[in-house]
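The values are calculated or read from the model by the stated rules, or taken from the named source; none is laboratory data. These numbers were taken from a predicted model, which means no experiment stands behind them. Note: ideal-geometry Cβ built from the backbone for every residue, glycine included; neighbour counts use all protein chains shown. Heads up: the accessible areas ignore ligands, DNA and RNA and are worked out on the full protein's heavy atoms, side chains in. Shrake-Rupley method; radii C 1.70, N 1.55, O 1.52, S 1.80 Å.
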Amino acid sequence: MQPFEYHSPRSLPEALRLLQELGDGARLIAGGTDLLLRMKQGQLAPRALIDLRRAAELHGISFSPEEGLRIGAAVTLRELQRSPLVRDHCPCLCETASWMASEQVRSLATVGGNLCNASPAADLAPPLMVLDAQAVLVGPQGERRLPVEAFFLGPGQTALDRGELLKEVLVPPTPGNALYLKHAPRAFMDIAVVGVAVHLRMERGLARAVRIALGAVGPTPLRAGPSEALLEGSAPTASLLEEAADLAARACSPIDDLRGSAWYRRRMVRVLTRRALDRLCAASLVGEGT
Amino acid sequence: MGHVVPRPDAVAKVTGAARFADDYDFPGLLHGRALRAGVPHAILKRLDVAKAKDLPGVVAVLTAEDIPGERNHGLVIHDWPALVGVGEKVRYVGDAVALVAAERREIATQALELIEAEYEPLPVVSDPVQARQPDAPLVHESGNLLKHIKVRKGDIEEGFAQAEVILDEVYHTPTMEHAFMEPECSIARLTAEGRIEVYVGSQIPYADRDQIARCLALPPEKVRVIGTLIGGGFGGKEDIAGQIHAALLAQATGRPVKVLYDRHESLLVHPKRHATQIRVRLGVKRDGTLVAAQTELYGDSGAYASLGEKVMTRATTHSTGPYIVPHVKADCYAMYTNNPPSGAFRGFGVTQSCFAVESAMDQLAERLGMDPVELRRKNALRVGSVTNTGQLLTESVGLLECIDRVEAEMRRLSGGRDPFKPQVVPGAPNRVRAWGLAVAFKNTGLGGGAPDKASAEVELFTDGTAEVRTSSAEIGQGLVAVLQMIAAEELSLPLEKVRVLLSDTDLTPDGGPTTASRQTYVTGNAVRLASDVVRQAVATTLAEKYDVPPEGVRFVEGLAQVNGHSVPLGEAVAMMKAEGREPKATYEYWAPKTQPLGTGGDMHFAYSFATQAAEVEVDLETGEVRVLRVIAANDVGRVINPLGLQGQIEGGVMMGLGNALTEEFIVEEGRVITDRLARYRMPSIVLTPQIIPIVVEHPTGEGPYGAKGIGEISSIPTTPAITNAVYHATGVRVKRLPVDQDWLAREIARRERPQDV
Ligand SMILES: Cc1cc2nc3c(=O)[nH]c(=O)nc-3n(C[C@H](O)[C@H](O)[C@H](O)COP(=O)(O)OP(=O)(O)OC[C@H]3O[C@@H](n4cnc5c(N)ncnc54)[C@H](O)[C@@H]3O)c2cc1C
């Protein structure tokens, strides 16, 4: 690893100022669980690192009935997994975090790092997308908001402009249910071969707010638009769910790699989408009755 | 004997107090690193170390010309250069071309980057079958064939002529990594007397000593290897890793030098489990009696010999399974390639051939319409059988009991259903369960005519304690507890009065290599007999003093009882010393003589036997395989420490599970793809099945209290038990390991809807 300067700003404005001053040679670091690996492997050699973890503005999880959940970018996966607020309002995110990495890695790794690293396999991306979450970006010009799905531009590429960083994620209150299913060969401590997140709510037997997002099957996490359109407002039957799952498999563009073949990934998209839909429809139907 | 003893090193290891090589520090310690070639096959054309030498903080940079003694090392054949010189050949990516010692590790790393090395690439030999082609590039000038190993029994043509059904199949197993927790580390330093001391966690301290001495042009007595605790070995710490490099740098700088591998270097450099291609041809009568077995094995020994010849010999002699077969022909080609070397790995080649033959036996049972357990029982080795190498088994063959007991337990757990028929999980139509079964045998000890001996020293002290000394290694298998128990038993001492000192070539006599499941048997016997000599010496002293025959002295719980007197052992020791008698003894134990392959005699002095049954659940849509339960019966002769035995069984089953389902060390054209643990998938704790151990004890006459080895056999049948279960659940036969989910899902889909695949 090449030598680098290390900065540990105590506030968000200080972090932004450093980012501005140090320019292109500088890199933001949070938990470092993605960044340090790439530095050790010589893929990146930043002149300076700006550590975001001491900026209080990037920490904390809160909830308001209007805005929903606010999750700071420097919140660790362990905090996310164990937060009572998240458990109450978005249990799907706690569940997702529990299947990521290991306890040790989760106590370093952050929500912001997972999104900003912009891996197509980042586990938080699909659930946040179906929860209609917004990313709050802050830079010299102030704050702006983007839907999480518009945040990803390609592998390792985000909508962050020069001088900007991710401040927090906002998850609006939802009356629906969400579920994320991850498939990884080792079941644990492993990167997803395919991840599928689904959100919907049942209203008088009809599926509403149907959102489906797929991870690790394209250059960015992506929404399965045609499947959503098919199901929106429909009364889900087994054959309809099967068709929606088929459409999802067709909506993605996976590649062959060491982790799995394109054929397998496509098949897993179909299987996991179908399983997630089955479970949510069953859960929602029960919920409707009460 | 036979009661549970916690291992003496357990608490220190769990609390972090245990000291491994990397935990040692010495004043003025330098950090050494090796520049690895990074190319699989090439001539080193130019090497310029000037810039590295000039880097502040660098104390020495060494190249091949700086080696004072022999360039090469190796456990059997000296074909592995400690450093490749200019004009010489690089044979795999992990070959070292230069060494650096620096004040800090970071500086050493930086210096490596300043070394300029130019290579002229050569065509790469990347698999053993290709290596045997007449036009294949040569890895060594002597040719790519390390060894052609042959087993012959009866008349194979005649055998197949008698056969009514013939099965012919080819199987593949991948290269595998030991992934011991502690990466290799050696620290070397010069002593005031001008000797070299090397601290290292090694499976064969005396072999390290001799190999270091040869390269440094020193007599072996000038080198002392001091074994530190070992964070796992599994066969991967038998060869030289950084020992010679550390010693060369210490010799050159006059300062202590630590050579620590990071995980990347560890993965790249040390010998692996051989990848194999194994063809199995079995001829059988309609009633299931085996009449002929022919196998052809290719083993990828990689760039250097290591223990390749021995490993592939074991693979070959075990390749027709623990069965009575009148006509056998086995041929194995252990081949050099430009892949990382292959060497010892728990199972020593038998893991691979067991997968092949036990898959074939299941296929044969189906072909015959016979129960797979029955087919095995019918042909299983028993007392009075002759093995395929011509050895008459006269005792300690517990295979039938292993089969019977595992079968009974499996049938009990299946609740009367056919365990080999798929069962759909209620409420989950995409998930099916079934059992699979496999048997195995594995030699204890080196065998094949190799002298197999171990020395141990036992000394008594006036405080009533005893110390056992031998160079054998504790690699996690629990040897310390076993030797402690044996000495305590023989000397009638409480356990806590016995200390065990291992692995120091100055202080402990040679216990031989920690390999081949041999330590409990061979070194265990040495300790038993050394203890016996010491006890008799004490008895003689007391007998003289109290004027009774030596047999009149009895030993009970740390006391010697004689003529109505109770003398604490410590006091008896003081009496001995006063008379000028040494209260210690060294015993060099020679295991029963064995015969070389091909001579038809006893190739091994003992075999362990095992049967395992695995229940799997397969997700037919995703191809995921979960192992739910494994029943494991092992004939270990006699249990010494049940807790140690349990550890070996549980660890062995998990290693076999990884072999079956997740692990594959991937090398493409000589380049290592799995050069990080993130890419080399070991099974995690969530994949651990319920493990049901069954102990079978058919004592072997010469073993200590009847014991024979457990270290390897516990892991060998797991893989085919699992893959046979996968077949019973899905109808898909696994012929290539590991069971890739992607592949399995595709095969299952192909059966259901060929048009989709
Ligand atoms: C053993 C292991 C297992 C893993 N398992 C999983 C897994 O199961 N699922 C999964 O999705 N990931 C996994 N990962 C990847 C990684 O842990 C996660 O992506 C993690 O959330 C990254 O967070 P971090 O804080 O460590 O990011 P860092 O490494 O600190 O940063 C990652 C990138 O994001 C940038 N960045 C960080 N914070 C901000 C911010 N606020 N604004 C702008 N840019 C920012 C950094 O500059 C860098 O480019 C694993 C990693 C390891 C080492």
Report, by residue number, each residue of segment A:1-41 that is more than 8 Å from the ligand (Cβ to nearest atom), at pLDDT 95 or above, open to solvent by 90 Å² or more (accessible area, probe 1.4 Å) and not in a helix (DSSP H, G or I). A:TYR6, A:ARG10
Does B:ARG736 satisfy the criteria of being more than 14 Å from chain A (Cβ to nearest Cβ) and either at positive phi or under 28 Å from the mean Cα position of the chain (by Cα) (or both)? yes
Which residue is nearest to the other protein chains (Cβ to nearest Cβ), if the candidates are limited to segment A:42-70 and must be open to solvent by 80 Å² or more (accessible area, probe 1.4 Å) and either near the ligand (Cβ under 8 Å from one of its atoms) or more than 30 Å from A:THR174 (Cα to Cα) (or both)? A:GLN43
Where residues in segment A:250-269 are more than 20 Å from the chain's Cα centre (by Cα) and hydrophobic (A, V, I, L, M, F, W, C), which of them is farthest from the other protein chains (Cβ to nearest Cβ)? A:ILE255
Considering each of B:ARG209, B:ARG279 in turn, give the residue that is surrounded by fewer than 24 Cβ atoms within 10 Å (Cβ to Cβ) and either at pLDDT 95 or above or closer than 30 Å to B:ALA660 by Cβ (or both). B:ARG279
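Using the structure shown, decide if A:LEU272 is in a helix (DSSP H, G or I) and either within 13 Å of chain B (Cβ to nearest Cβ) or modelled with pLDDT of 90 or more (or both).
Yes, satisfied.
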List pairs: first residue in segment B:148-169 and over 19 Å from B:TYR298 (Cα atoms), second residue open to solvent by 70 Å² or more (accessible area, probe 1.4 Å) and of a type in the set (Asp, Glu) anywhere in the structure, Cβ distance under 6 angstrom, at least six positions apart or on different chains. none
Would a scan of segment A:166-184 turn up a residue that is open to solvent by less than 50 Å² (accessible area, probe 1.4 Å), at positive phi and within 12 Å of the ligand (Cβ to nearest atom)? no
Could you tell me whether segment A:123-138 includes any residue that is more than 11 Å from the ligand (Cβ to nearest atom) and surrounded by fewer than 17 Cβ atoms within 10 Å (Cβ to Cβ)? no
What are the residues in segment B:193-212 that are of a type outside the set (Lys, Arg) and part of a helix (DSSP H, G or I), if any? B:PRO205, B:TYR206, B:ALA207, B:ASP208, B:ASP210, B:GLN211, B:ILE212
Go through segment B:89-115 and give me each residue that's over 26 Å from B:THR674 (Cα atoms) and surrounded by fewer than 16 Cβ atoms within 10 Å (Cβ to Cβ). B:ARG104
Give segment B:636-688 a look and list any residue that's touching a His at 6+ places or on another chain (Cβ under 8 Å) and within 14 Å of chain A (Cβ to nearest Cβ), or say none. B:ASP675, B:ARG676
In segment B:489-520, which residues are part of a helix (DSSP H, G or I) and charged (D, E, K, R)? B:GLU489, B:GLU490, B:GLU496, B:LYS497
Cross-chain or 6+ apart pairs with Cβ under 9 Å, segment A:111-122 first and more than 7 Å from the ligand (Cβ to nearest atom), then open to solvent by less than 10 Å² (accessible area, probe 1.4 Å) and among the aromatic types (Phe, Trp, Tyr): A:LEU115/A:PHE151; A:ALA118/A:PHE151
Which numbered condition in (1) closer than 25 Å to A:ASN117 by Cβ; (2) surrounded by 23 or more Cβ atoms within 10 Å (Cβ to Cβ); (3) in contact with a helix residue (DSSP H, G or I) (Cβ under 6 Å, 6 or more places away or on another chain) is the only one that A:LEU231 fails? (1)
Can you name the residue in segment A:94-110 that is within 8 Å of the ligand (Cβ to nearest atom) and either within 10 Å of the chain's Cα centre (by Cα) or of a type in the set (A, V, I, L, M, F, W, C) (or both) and, of all such residues, is most open to solvent (accessible area, probe 1.4 Å)? A:TRP99
B:THR622 vs. criteria within 13 Å of chain A (Cβ to nearest Cβ) and in contact with a Pro (Cβ under 7 Å, 6 or more places away or on another chain): no
Residue match in segment B:689-712 (condition: open to solvent by 40 Å² or more (accessible area, probe 1.4 Å), away from chain A (no Cβ under 13 Å) and under 30 Å from B:VAL424 (Cβ atoms)): yes
Report yes if A:SER239 is of a type outside the set (A, V, I, L, M), over 23 Å from A:VAL75 (Cβ atoms), open to solvent by less than 50 Å² (accessible area, probe 1.4 Å) and more than 14 Å from chain B (Cβ to nearest Cβ), otherwise no. no
Suppose we filter A:PRO175, A:PRO155 for residues that are more than 23 Å from A:THR76 (Cα to Cα) and either away from chain B (no Cβ under 14 Å) or more than 13 Å from the chain's Cα centre (by Cα) (or both); which single one remains? A:PRO175
Condition first: away from chain B (no Cβ under 14 Å), more than 19 Å from A:PRO185 (Cβ to Cβ), charged (D, E, K, R) and out of contact with any strand residue (DSSP E or B) (no Cβ under 7 Å at 6 or more places or on another chain). Can you find one or more residues in segment A:214-232 that meet it? no
